[in-house]
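Please treat every number below as a calculation from the coordinates, not as lab data. Being a predicted model, the structure only gives us computed values, none of them experimental. Glycine also receives a Cβ, built like all others from the backbone with ideal geometry; neighbour counts cover every protein chain displayed.
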C-alpha cells in the first residue's frame, strides 16, 4: 500500500476493501455497520481473555449491560447537550390497526412513515459505563470504592468510510468509583497496564492527551477545557493509515461528574469520582490484522502466545 | 414458591425479585431491560460453548452481526407489516447548532424533543438471521446449500414483568439456506439436537407447534396459517411459572420467503428455502437457574460436566 499519494478517504476505502475481500468484515450497505467472520470474532474473544487474565487479581465486579439504556437515565447525563449528533433514540409503533394502516399507506406513498412511531423507554447506549452509574444511585461506596468490569456494544451515529469508525462496536471497560485519588490511581494504573497489554500483542501504541467530539462551537470550548485538565488519554495506533492514528483504547477521568449526576457518595460523604479505561475491541482487532496480517496463524509467535492462538 | 394462588403477573414479579435479589439480574427501571452479573454471563458463555462443540462437525460458516441492521434491508422484509409493534427504529439528531438549541429548549419545556430527530439508516435487528439474507442477495448457492452459525442481540419492543421476556436478548442461530428438502432436514436435525442439548443440561423441554405474534386481526389469520403448515416449533420449559411455559428455543421453516425477498437462488435456479434454530440464550440461562438453583456450583454434576463448570 502506498498511502503517501492517497487522500484519507481513499486510504479508508482501500483498507475497508482489503478487510472485506479477506472476509474479516462483511458490508451491510450502511457506512460503519459491518458483520464479522469467525476469524475476526475469535481475535476479539482472545484479546478479551488476555485482558481478563491480566485483570483477574483485581477481583472486579463483572456486570454486563445490553446496547440499550433507560431513556430517563440517558437524559440524566449531559450526552444530549454534548453529543446530540451521536445519539440513538429508539422508536416503535404503539398504535392500533387503523394507525398501522396509515403507517403502511405512508410508506407505500413514499412518505416518511416514521412520523407514526413514538419514542420508547430506551435509547442506544453511548458508552459501556453509562448503564452502570444509575444502578449505584443513592448508594454510599465502601472506603475502598468499587471496581467494575464491563463490556457492551455501544452506538454512535457517525457514518464513516473509515473501517475503524463503526456505528456500533464493543467496549471492554474497567471503571473505578471512589475518591478522586482512587479514580486517578485507577486511570494511571490502567493507562500503564493498557499500554503493556497492547504492546504484548505487538501494538506499539502512543499515549496522547485527547478530547471527546463535543458538538458545535460551545463544544469546542468543552474540548479545550477537557484537554487542559488532562481528563482524557488515548492509546493510538495506525489502522487504515499512518497519516491519521486511531484511538484503540482510552482512559478517562470524569471528576465527580457521574457521582454528582447519579448521587453516588464516597464513604466520607463526598460525591464519588470515577475513571475508566475502555478497550475498543473492534479497533484493536483491526489494528492487529493491519499490523500482523490477515491470517492469525502467521502472526508472530509471542503475539500468538499472549492470545493463546 | 406457591404458584397456584398467584396471578401470572405476580408470579413474574416474584421470579424477577428472586433473580434480582440473587444478583443475577440487575434492574434498569425499564420492564424487560436488565443487566447481568458474571455468574449469569458465565452460564450463557458455557451453554454456547456446549452448542459450539456439538455443532463443530457441521463446519458452519461463522458470521456475527451487531444489534442494528440496514433500514433498507429491514424494509425489504415483511416485519413492518407483521410485527410493527415490536420494531425498533433508530433516530438521531442531524441538525445544526440552532436546531440543537431548539431541541434542548423543547426538552426544558417538557415538550417532545424527539420531534427534532430524524430516522437514521438503521433499525434494531428483529432476529439474528435478518442481517444474513441481504449479504446473500443475488447469489446462487452451491448444491449443498449454506449453513451459517449466527449470534446477535435482537430487539423486540414488548415491555413485560416476565423476566423471560426481555426487550433485548441474545439468539444463537444456525441457519440453512438451500432446497426445501435441505431446509426441512436442517430443521428436523436441529429440533432433535436442540432437545438433546437442552436435556443434557437438565432441561426437559416439550416440543410444540407454535406461531409468531403477528400484529392485529389480519395477524390472527397469519398465525393460524403458520400453525396449520407446521412452520414453527418451540422447545418450551417453565421459567417464572409452570402455569405458562416459555419458549427457550425455536425451530422455524421459512419456505422460500427470504430466498424470494433477497433473491437467493439454489443451484437449480429456484428461490432458496431457509430454516433456522434459535437458542434464546437469556431464557435458557433463566431456565437453568430456576431449575437447578441460583448457584451453579451446586448444580447436578452431569449438568456441570456438560457446561464445563
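Across identical copies of the chain, residue A:295 has label-point separations of 5.0 nm, listed in ascending order, with the point defined 7 angstrom from Cα along Cα→Cβ.
Stokes-Einstein diffusion for chain B, with the hydrodynamic radius set to the Kirkwood value over Cα pairs and evaluated at 20 °C in a medium of 1.002 mPa s, equals 102 µm²/s. Taking every Cα-Cα distance in the stretch A:44-100 and sorting them into 10 Å bins starting at zero, the pair-distance distribution P(r) comes out as 15, 27, 24, 25, 6, 3 percent. Modelled spin labels at residue A:225 and residue A:50, positioned 7 Å past Cα toward Cβ, are 3.8 nm from each other. As an exercise, use a Förster radius of 41 Å and the Cβ-Cβ distance of residue B:208 and residue A:10 to find the FRET efficiency, rounded to the nearest 0.05. Once the sixth-power term is evaluated, E becomes 0.15.
Pairs of Cα atoms under 8 Å, at least six residues apart: use those to get the relative contact order of chain B, whole percent. Relative contact order of chain B: 21 percent. Once you sort the root eigenvalues of the Cα gyration tensor of the stretch A:1-106 as a ≥ b ≥ c, which label holds: rounded (a/c under 1.5), prolate (a/b larger than b/c) or oblate (the other case)? Note, shape of the stretch A:1-106 comes out oblate.
Counting only other chain Cβ atoms within 10 Å of each residue's Cβ, the peptide B:154-161 averages 3. By other beta-carbon atoms within 10 Å, ranking B:232, A:227 with the fewest at the front produces A:227, B:232. Note on A:119-129: average number of Cβ atoms from other chains within 10 Å of each residue's Cβ is 4. Taking all C-alpha pairs of the protein assembly as shown, those more than 41 Å from each other amount to 24 percent. At full extension, residue A:118 and residue A:58 could sit 17.2 nm farther apart than now, given 0.36 nm per residue minus the alpha carbon distance. At 222 nm, what value in deg cm²/dmol follows for the protein assembly as shown if DSSP H runs of at least 4 each add -39500 (n - 2.57) and the sum is divided by all its residues, to the nearest 500? When only DSSP H runs of four or more count, the value is -11000 deg cm²/dmol.
Note on A:21-32: average number of Cβ atoms from other chains within 10 Å of each residue's Cβ is 4. Taking the centroid of alpha carbons for each part, the stretch A:138-189 and the stretch A:238-305 are 8 Å apart.
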